[in-house]
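Each remark here refers to the structure printed beneath this line.
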Amino acid sequence: MESEASIVFEVSQFVDYFNQTMEYAYTRIRIRGEVANVKQRNSVVYFDLKDDYAKVEFWGYLNSLPYPIEPGMLAEVVATPRLHPKFGFKLNFYSIKLIGEGSIKKSSDLLKEKLSKEGLFDQSRKRIIPYPPSRIGLITSTDSAAYADFIKILSNRFGGIEILVRDVLVQGEKSNGQIIEAIKKFNSEKDLVDVLVITRGGGSPEDLQYFNSETLVRAIVASRIPTLVAIGHETDESLAELAADSRASTPSNAAESLSPSRQESLVLIKSQMDNIKSLVNYRLDSEIQNLENQKYDISKMIDQIVTNETNQILLLEEICRAYNPKLPLARGYALIKKNGKYLNKKTVLNVNDKISIETISYNLESEIKFLERKNDQK
């Protein structure tokens, strides 16, 4: 006998009714299991989660998959149950978290290999971080010890650096999207900061796996602002750090790498001042010695000039004495003038010309009575 409570559905009506019921009862559910049967068609990815007794099928868009998955990995998936009109019961996944260090490392290695081939980790594309920067864009959780350590150490060092902070989750499914959004916000501002710092403290591999996200790596690479990433402890290494322009082993080390120590700066300044003082003293001593050398050279040059000029004067005096027309008078010779001028080869003399005669003892006036031209005179 048919129950009065029985309801007859058309197939499509049942699918809609079932999905409405499931959406009401299970808006989103979290399922953990081993990944199996991974397939990709265009922009859609399909996979199963299984345990020893059952399996469940999942589907979703490729951009919802933050890192590669392979059969055998353990994962925790957030999804919504759906009954597809043609393909049956599947769960539409929204996020996935890998479970266990082995699964996380395997996924990270796969993504690292893929992105390395694209050159995203190449040293040649990395930019120099300004040192020290004037303005820092800090992306982290303001409730974290990493934030407190970074601010404290940076403040205790040289100081004077402006820090702009964007508070984000650094753990869990939502952390990835918030960090990427913060990177985009900083890059969209008109007045860009000098460096972006993305940091968080240490944690388990499950906690840190979101920094191995492909979307986060590509956002860091695409940043117009140079990036510094410091995630976890010294032994931790994320793909986000490999993609950044610079990395630091810890949040504290990140602060130390961006700003000089006040004490070290004072020591350096004193050392530079001592070096400058020594250099100035050396230059002064060199210039003084140079001036002394020049003074000595000038003195020697002046002495040489005086000596040369004295010798020249003495030589001229000898020449003057040798050419002194009156010098022969002492030897008995006489000087003869006509019309006040000494006789020379061009002087014309005639009988009856008046001439003046000068001897060593007398000045005589005479008249030519006889004149004979010598044959050797022309």
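Within the straight-line cut-off of under 25 Å between alpha carbons, the lysines reachable from Lys337 are Lys326, Lys345, Lys346, Lys354, Lys369, Lys374, Lys378, sequence neighbours fewer than 8 places apart in one chain being disregarded. Extension gain, Leu364 to Asp303: 0.36 nm times the residue separation minus the Cα-Cα distance gives 17.0 nm. Students often get this wrong, so check it: of Lys277/Lys300; Lys184/Lys270; Lys270/Lys295; Lys86/Lys114; Lys126/Lys190; Lys50/Lys185, which have C-alpha atoms separated by over 32 Å? Among Lys277/Lys300; Lys184/Lys270; Lys270/Lys295; Lys86/Lys114; Lys126/Lys190; Lys50/Lys185, the Cα-Cα distance tops 32 Å for Lys277/Lys300; Lys184/Lys270; Lys270/Lys295; Lys86/Lys114; Lys50/Lys185. Considering only beta bridges that DSSP places wholly inside the range 11-117, some 95 percent are antiparallel. Given R₀ = 22 Å, FRET efficiency for Ser43-Lys86 by Cβ-Cβ distance, to 0.05? With a Förster radius of 22 Å, E is 0.70.
For the range 327-367, the relative contact order works out to 39 percent when only alpha carbon pairs closer than 8 Å and six or more residues apart are counted. Neighbour counting of Cβ atoms within 10 Å sorts the residues Glu287, Glu181, fewest neighbours leading, into Glu287, Glu181. In terms of other Cβ atoms within 10 Å, Met73, Met273 run from fewest to most in the order Met273, Met73.
Once both labels are positioned 7 Å from their Cα atoms along Cα-to-Cβ, the gap between Val351 and Phe158 label points is 11.7 nm. When the chain is treated as a GNM with alpha-carbon contacts under 10 Å, the residue of Tyr46, Tyr323, Tyr94 showing the greatest mean-square fluctuation is Tyr323. In the list (i) 24.5; (ii) 17.5; (iii) 47.9, the label attached to mean projected area of the Cα convex hull in nm² as derived from the coordinates here is (iii). Fully extending the segment from Leu314 to Gln13, taken as 0.36 nm per residue of separation minus the present Cα-Cα distance, adds 94.5 nm. Phi angles of the range 244-259 translate, via the Karplus equation with coefficients 6.51, -1.76, 1.60 and θ = phi - 60°, into HN-Hα couplings of 5, 5, 8, 10, 10, 6, 8, x, 5, 5, 4, 5, 5, 6, 9, 9 Hz per residue; Gly and Pro are given as x. Each of Asp52, Asp245, Asp16, Asp143 has some number of other Cβ atoms within 10 Å of its Cβ, and from fewest to most they run Asp52, Asp143, Asp16, Asp245.
Here, each number is a calculation from the coordinates, and none is a lab measurement. As the structure is a prediction and not an experimental result, all values here were calculated from the model. A quick note on method: Cβ atoms are made from the backbone with ideal geometry, for glycine too, and the neighbour counts reach across all protein chains shown.
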